[in-house]
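Novice: Structure provided below as structure tokens; questions to follow.
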Amino acid sequence: SGFAPPTQHDLEKSEVAPSKLNMKLKDVYESLSSFFRPVTCRHKGGQTLIPCHVGEGLNATECLENKCCPSKTSHELKCYMPFKDNMQQTFRLLLLVAGGFLIVGCLPFCCCACLQR
């Protein structure tokens, strides 16, 4: 019975596995991308609002679900593209580099402590 051909149910399970892997990789890529390229909905006076490409007449929830920023410019709600947050990006990279230097700096002490035992 160990050499029996796979049933239809087994084939369906094996077909679903690669798509789940692709979804997990896509989620990892999106989270890394959002960490290294943070965006914000706060706009300064000199920035121009670029309309979001998801459509017109969306409410605030639909706008946020499509990764856009809601704006009340008049009696009509519009969606616009978020802005790149340079300050947050600088802060995150600074913390990442400082953490890396801390790990590299402590590594020799940890190795020496382990070797002395």
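The values are calculated or read from the model by the stated rules, or taken from the named source; none is laboratory data. This structure is a prediction, so every number in the text was calculated from the model and none was measured. Don't worry about glycine lacking a Cβ; one is built from the backbone with ideal geometry, like all the others, and counts go over all protein chains shown.
Novice: In region 24-64, what residues are free of Cβ contacts under 8 Å to residues at least 40 places away in the same chain, part of a helix (DSSP H, G or I) and closer than 24 Å to Q89 by Cβ?
Specialist: L25, K26, D27, V28, Y29, E30, S31, L32, S33, S34, C63, L64
Novice: Continuing with this model, one more query. Determine whether region 95-111 contains at least one residue that is modelled with pLDDT under 90 and exposed (fewer than 10 other Cβ atoms within 10 Å of the Cβ).
Specialist: No, every residue in region 95-111 fails to be modelled with pLDDT under 90 and exposed (fewer than 10 other Cβ atoms within 10 Å of the Cβ).
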